[in-house]
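Below: the structure, in structure tokens.
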Amino acid sequence: MTLVAAWFAFAPSIAVAADGPSLVRDAEIEAYLRDYTTPIFVAAGLDPASIHIYIVNDPRINAFVAGGMNLFLHTGLLVRAQTANQVIGVIAHETGHIAGGHLVRSKDVQRAATIESIIAMVLGIGAGIASGQPGAAGAGVLVGPGVATTQLLKYTRTQEASADSAGLGFLDATGQTARGMYEMFDILQKDAVLTGFANENPFLQTHPMTQQRMDHIQQFMASSPFTNAPLNPQFEEDQRRIRAKIVAFMEPLDDIMKAYPENDTSFAARYARAIAWYRAADLAKATPAVDQLILEEPNNPYLKELKGQMLFENGHTAESVEAYRQAVKLAPDSPLLRIGLAQSLVETNDATANGEAIQHLEVATGLEPANIQGWRLLTVAYGRNNQLPMVALAQAEIAMLQGQDKKAKEYARRAQDGLPPGSPGALRAEDILFQVSQDQD
């Protein structure tokens, strides 16, 4: 799990930006959120693979959709939610906005609806791209101190009521209670009343809350056959781990130990303490704690990832490779885990390992083409392998992702000059040149 001052860049551990919230990438949390969202998206008639989920490092409870099929969830929502059902209730509501076509504001907004522009407009991100550090467990983006353009996300009362109704229908269609949606909205309202800062709550700013909406949800629950449906036990355990991981990576050690004291022997609490000790460089406690968790769940790829990250950052590169290999074997479709393994392989300075790193990075960037650190690592690995045209091609990918069209053209032409005509790399260089030309028109 990681936060860094970069767009789609990866680093080994969380480093919370001092001057504003950031985006978080974490393979485990993203996998759990996919499990939450997929049934809801399917019920809404949406393709789950077409919707991107982003986690915003911000302690305030908030969630929003923007730029088409992009769902943003604040860490504050994930930590404050007492049940997965509460998170799912908010997701169902936001899905109602997507399915209802509430995101289209104007042609200009549609043209600008890239993730970069959403972050720039909504979260106040700076345009600079910074490099990530080695050891990929996640990624993030440095953003500004507050929402810059709430009007981009603000819905009318009619749209809010429509999204509520649609979301309630999606919950029923998936056999889940709407109680979580009601509980989370109730938490938001009570917080606003207690603090007197309703206008500073980003969710209430963009999603006007009314008593009529709350009454509507209550009326729906009174007639729904799923109101008293039991909560999904796996989702609830996943939620405990999400909360534990966010707290353990982001809060000071004393606060973590208060939230998860040593007399709490639950898996989530032991997970949080293991991460906290690792962050505090207390490997005498962290290593056996992680090893015990792995012993209990030997097929959990994210525990192997954590072990690999701990080993890598403490100079045990060769051992970290094996831990990451085990993680990738258990979750081969995770680009984040493959990038973590590739980083360790590159750092061994071994020619055979470098070749293996290239294989993993090519798969990872195929799975997630917008992953800048994957391309950055490829420039290093290709360079060590003396594949200079491929270095240029990876540099073209980076430049294109950063919106540097002139550089993207230069690198793509350089790649074309050095690659066999008709080869996959040459064809990709041609695609980049075409795409950059289209963007400039």
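The values are calculated or read from the model by the stated rules, or taken from the named source; none is laboratory data. Please read all numbers here as calculations on a predicted model, not as lab measurements. Cβ sites come from the backbone with ideal geometry, for glycine too, and all protein chains shown count toward neighbours. SASA here: full protein model, heavy atoms, side chains in, ligands and nucleic acids out. Shrake-Rupley method; radii C 1.70, N 1.55, O 1.52, S 1.80 Å.
Name the single residue, out of those in the stretch 191-237 being assigned to a helix (DSSP H, G or I), in contact with a Ser or Thr (Cβ under 7 Å, 6 or more places away or on another chain) and modelled with pLDDT of 95 or more, that is surrounded by the fewest Cβ atoms within 10 Å (Cβ to Cβ).
Glu236
Hey, could you check the stretch 265-322 for residues that are open to solvent by 50 Å² or more (accessible area, probe 1.4 Å) and either within 22 Å of the chain's Cα centre (by Cα) or in contact (Cβ under 8 Å) with a residue 60 or more places away in the chain (or both) and say which is farthest from Ile246 (Cα to Cα)?
Only one residue fits best here, namely Glu313.
So which residues in the stretch 33-92 are of a type in the set (Ser, Thr, Tyr) and either within 13 Å of the chain's Cα centre (by Cα) or under 15 Å from Leu171 (Cβ atoms) (or both)?
First, pick out the residues of the stretch 33-92 that are of a type in the set (Ser, Thr, Tyr): 36-38, 50, 54, 75, 83.
Within the stretch 33-92, Tyr36, Thr37, Thr38, Tyr54, Thr75, Thr83 meet the criteria.
Could you say whether any residue in the stretch 27-34 is at pLDDT below 85 and surrounded by 23 or more Cβ atoms within 10 Å (Cβ to Cβ)?
So far as the stretch 27-34 goes, no, none of its residues is at pLDDT below 85 and surrounded by 23 or more Cβ atoms within 10 Å (Cβ to Cβ).
Residue-wise test of (1) closer than 22 Å to Phe434 by Cβ; (2) at pLDDT 95 or above; (3) touching a helix residue (DSSP H, G or I) at 6+ places or on another chain (Cβ under 8 Å).
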residue: Gln343; (1), (2), (3): no, yes, yes
residue: Gln359; (1), (2), (3): no, yes, no
residue: Ala370; (1), (2), (3): yes, no, yes
residue: Leu378; (1), (2), (3): yes, yes, yes
residue: Gly383; (1), (2), (3): no, yes, yes
residue: Gln395; (1), (2), (3): yes, yes, yes
residue: Gly403; (1), (2), (3): yes, no, yes
residue: Lys407; (1), (2), (3): yes, yes, yes
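When the stretch 378-407 is examined, which residues are found to be open to solvent by less than 40 Å² (accessible area, probe 1.4 Å) and in contact (Cβ under 8 Å) with a residue 60 or more places away in the chain?
Answer for the stretch 378-407, where residues must be open to solvent by less than 40 Å² (accessible area, probe 1.4 Å) and in contact (Cβ under 8 Å) with a residue 60 or more places away in the chain: just Leu401.
Need at least 1 residues that are at pLDDT 95 or above, open to solvent by less than 10 Å² (accessible area, probe 1.4 Å) and not aromatic (Phe, Trp, Tyr) per element, so show me which helices (runs of 4 or more DSSP H) inside the stretch 42-128 make the cut, counting only ones lying wholly within it.
75-80, 84-99
Since Gly366 meets every condition but one in (1) among the small types (Gly, Ala, Ser); (2) closer than 24 Å to Ser334 by Cβ; (3) assigned to a helix (DSSP H, G or I); (4) touching a residue at least 24 places away in the same chain (Cβ under 8 Å), which condition does it not meet?
All conditions pass for Gly366, except number (4).
Does the stretch 415-432 contain any residue that is in a helix (DSSP H, G or I), within 25 Å of the chain's Cα centre (by Cα) and not small (Gly, Ala, Ser)?
no
Looking at Gly366, is it farther than 29 Å from Tyr54 by Cα, of a type in the set (Gly, Ala, Ser), modelled with pLDDT of 95 or more and surrounded by fewer than 16 Cβ atoms within 10 Å (Cβ to Cβ)?
The answer is no for Gly366.
What number of residues within the stretch 334-356 satisfy the criterion of being closer than 18 Å to Gly366 by Cα and either buried (at least 22 other Cβ atoms within 10 Å of the Cβ) or among the hydrophobic types (A, V, I, L, M, F, W, C) (or both)?
10
Give Ile256, Ile242 a once-over and let me know the one that is under 21 Å from Ala27 (Cα atoms) and among the β-branched types (Val, Ile, Thr).
Criteria check complete, one pass: Ile242.
Do you know which of the residues in the stretch 238-263 that are surrounded by 15 or more Cβ atoms within 10 Å (Cβ to Cβ) and acidic (Asp, Glu) is nearest to Asn85 (Cα to Cα)? Lay out the reasoning, then the answer.
From the stretch 238-263, those surrounded by 15 or more Cβ atoms within 10 Å (Cβ to Cβ) are 238-251, 256-257, 259-260; that's our starting set.
Then keep just the ones that are acidic (Asp, Glu); that gives 238, 251.
Working: Asp238: 11, Glu251: 24 Å.
Out of the qualifying residues, it is Asp238.
Exactly one condition in (1) surrounded by fewer than 21 Cβ atoms within 10 Å (Cβ to Cβ); (2) within 25 Å of Ile339 (Cβ to Cβ) is false for Phe434; which is it?
Phe434 satisfies all of (1) surrounded by fewer than 21 Cβ atoms within 10 Å (Cβ to Cβ); (2) within 25 Å of Ile339 (Cβ to Cβ) except (2).
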